Each structure stands twice: as C-alpha cells, then as structure tokens.
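As structure tokens, the structure follows; a few thoughts come after it.
The values are calculated or read from the model by the stated rules, or taken from the named source; none is laboratory data. Model, not experiment: these values are computed from the prediction. With ideal geometry, Cβ positions are generated from the backbone for all residues, glycine too; neighbour counts draw on all protein chains shown.
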Amino acid sequence: MKTKEFLQVSKIIPVITIYDLKTSVDLAKALINGGIKILEITLRTQEALEAIKLIAKEVPDAVVGAGTVLNAKMLEEVKNAGAKFAISPGLNSVFAKEAKNIDLPLIPGIATAGELMLALEFGFENLKFFPAQATGGINMLKSFSAPFQNVNFCPTGGINLNNMNDYLKLDNVLCVGGSWLTPKELILDKKWDQITQIAKQSLEQISQ
C-alpha cells in the first residue's frame, strides 16, 4: 500500500498506548469488531514494539502501524516488528533523508508551513497535522489548502467526537487520529465490548 492508501483505510485512526502486552490482541480485535481496521500503536511504552509484533502475527485483519517514531533507528525497529506504516510527531532533514532509504511508508508530522515545505522537499505529501487543536486546528488546515493543493492530512491532537466531523469536512483531510477510542480505564478493566461500541458509534457519527 502507498502512504495515501493507509490514510484512506478508515476515517478514524485510533492512537493507541499499550499498557499491558497481554491485552494488545484483545484490544485490536475489539476495534476491528467495531469496524476500525487500522491501528496506530504509539512507541510511548516499553510494550509497544512487542505489541506490534503480536498484533501483526495474531490479528491478520488489522493494518497495524507505529506512532511516535522519532528517528531512522526507530523506523527500522518498527519495520522489523511487522508495522505496515509509521507516523512521526515531527520531521527534520536528517530523519527525512534517512527515512527515504527505509522501505516503510512514513507519515511525518508537521505543524507549520515551513515544516510542510521541508516535508515536500523530501517527497512527503501525506502528512500528520500535529498537535492539531493547539496549532491552529481547522483554520490552519484551511490556510494550507490553497498554497499546498496536493497535500493530504491526518490531524491528530485534541480531536474527539465533538470536533472530528469539522475536520473531516475539509478537502485536504483524509482521516483523523485520536485516543478517545481506547480509554485507559476500559483497557485496564478489559471492557472490550465497550471499546467496540465506541468504535461503532464513532464511525456512525461521521457525516455522510
């Protein structure tokens, strides 16, 4: 799959923090049962890489990727773990150059026009807009649309059920990312049915 195709799998990409490796497969299945096939496992905990390996092996229906990838070393690690794509919170020229030599689709994060231009210089046209709400939100994305007509975004950071449709209505937004689908307390209590229900309700709320 090409980078853009990953952002078209679902209108919502759940941003997932793994607290307990043993729950990762059940969590992935709960989201898939709710209609969400793509998962972003953030590298914020020690369990994250193992969780990617486990989900890639045990849940073949899931399109599993890695988030919070900060450099080329981490990009190699997630590729070897079985991630199908990677997302970074930001971008610099060193990482951009090295990432081009690693055969794994990368969706870099940007927050400004300057960062966007750097991404374009290295051929990245499908980007994460992060942190979305804190850096101008919908108005910023509208401002980007005219000068950067071929760029697509997945806004993440401060996105929730109340504002996701406002983002999804924008022509340059393919999907949104958010952590509201996987509340920590529901994961720790193994309330998989409730997570499935949140996923279903979230997809149902998307404006047709």
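Restricting the first member to region 180-201 and to residues that are closer than 16 Å to residue 39 by Cα, and the second to residues that are among the aliphatic types (A, V, I, L, M) and in a loop (DSSP other than H, G, I, E, B), the beta-carbon pairs closer than 6 Å and six or more apart or on different chains are 198/181; 199/36; 199/181.
Number of residues in region 136-184 that are surrounded by 17 or more Cβ atoms within 10 Å (Cβ to Cβ) and of a type outside the set (A, V, I, L, M, F, W, C) equals 12. Contact annotation: residue pairs with Cβ atoms under 7 Å, 6 or more positions apart or on different chains, pairing a residue in region 1-17 that is modelled with pLDDT of 95 or more with a partner that is among the polar types (S, T, N, Q) and part of a loop (DSSP other than H, G, I, E, B), are 14/182; 15/179; 16/182; 17/45. Highlighted here are the helices (runs of 4 or more DSSP H) found entirely within region 109-173 that include at least 1 residues which are of a type in the set (Gly, Ala, Ser) and free of Cβ contacts under 8 Å to residues at least 40 places away in the same chain: 113-121, 137-145.
Residues are listed down the side, and each one gets a yes or a no for (1) touching a helix residue (DSSP H, G or I) at 6+ places or on another chain (Cβ under 9 Å); (2) at positive phi; (3) at pLDDT 95 or above:
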position	(1), (2), (3)
136	yes, yes, yes
142	no, no, yes
156	no, no, yes
162	no, no, yes
170	yes, no, yes
